[in-house]
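The values are calculated or read from the model by the stated rules, or taken from the named source; none is laboratory data. From a predicted model like this one, the values you see are computed outputs, not experimental measurements. No Cβ is skipped: glycine too gets one built from the backbone with ideal geometry, and neighbour counts run over all protein chains shown. These accessible areas exclude ligands, DNA and RNA; they are computed on the full protein's heavy atoms, side chains included. Shrake-Rupley method; radii C 1.70, N 1.55, O 1.52, S 1.80 Å.
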Amino acid sequence: MAKVEKLALLAEGKAKAVYATSDPELLWLHNLDQATALNGKKKESIANKAHYTNAISGLLFEYLKTQNIANHLVERLNDTDSLVQKLTMVPIEIVTRNYASGSFQRKYAVKPMKKLIPPVQEFYLKNDELDDPTLNDSQILALELANEQEIAQFKQIALEVNQALVNIFDQADLTLVDFKIEVGYTSDHKLLLADELSPDNMRIVDKATQMSLDKDVFRKGTGSITEVYEIVLQRLQAVV
């Protein structure tokens, strides 16, 4: 691949800055040293966090490619940056839950960490101003966010990602409680897994101790993000 140059800043979100590149089909993602929760209502600068989100996300995207799950990662460029395919993103967050936790556990008053069979799949509109409201299939159709075939594809991709991640996390003595994914279309309308895969958008617990190893430690003020992300990274590096 010819050398790709970083160009103008296109957007900056809660966890990443997105830049155009000299290749119109590629974007440059720069992970930020900050953590947010409650749709950005809680926000702090955290030194070296970008290293962990970039490393874990890159490692998991690369692993998923070996499992024949297509995604947007082209290559990790350095400690904090990655090159990805430019996509037209679907404005829907797809959440998969293997165990009851967080809002699901509170909403339905079930025992924390109750195993959910089958895994629960949920859709949310990606809109911080509206606090990411829930969506069902008919709402997605009525809002013209996707058609029935696309909804089925979203669900299938999430289930395939879930199975692959559960397998690799299990080898690392970690339990994947739940996670969020996003998807988007290439210029030739190929649907790809996108965004990121890190403890920022997952709940992960240690199998032996049930210790939380994700952004919940920041949400709840119970620990250091970089310390728990380091544990996750080292565990995954040992098995991938």
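Among the residues of the stretch 165-175, write down those that are open to solvent by less than 10 Å² (accessible area, probe 1.4 Å) and either in contact with a Leu (Cβ under 6 Å, 6 or more places away or on another chain) or not aliphatic (A, V, I, L, M) (or both). Break it down stepwise before answering.
To start, the set of residues in the stretch 165-175 that are open to solvent by less than 10 Å² (accessible area, probe 1.4 Å) comprises 165, 168-169, 172, 174.
Hits for the stretch 165-175 are LEU165, PHE169, ALA172.
Only one of the numbered conditions (1) modelled with pLDDT under 95; (2) of a type in the set (Gly, Ala, Ser); (3) part of a strand (DSSP E or B) is violated by SER103, and that is (3). Taking (1) in contact with a strand residue (DSSP E or B) (Cβ under 6 Å, 6 or more places away or on another chain); (2) surrounded by 20 or more Cβ atoms within 10 Å (Cβ to Cβ) in turn, TYR185 satisfies each apart from (2). Can you confirm whether the stretch 143-159 contains a residue that is among the acidic types (Asp, Glu), surrounded by fewer than 13 Cβ atoms within 10 Å (Cβ to Cβ) and part of a helix (DSSP H, G or I)? Looking through the stretch 143-159, at least one residue is among the acidic types (Asp, Glu), surrounded by fewer than 13 Cβ atoms within 10 Å (Cβ to Cβ) and part of a helix (DSSP H, G or I).
Only strands (runs of 3 or more DSSP E) whose full extent lies in the stretch 1-74 are considered here, and the ones with at least 2 residues that are farther than 26 Å from GLU230 by Cβ, open to solvent by 70 Å² or more (accessible area, probe 1.4 Å) and out of contact with any His (no Cβ under 7 Å at 6 or more places or on another chain) are 6-12.
Which residues, taken from the stretch 194-223, are hydroxyl-bearing (Ser, Thr, Tyr) and modelled with pLDDT of 95 or more? Listed by number, the residues that qualify are SER198, THR209, SER212.
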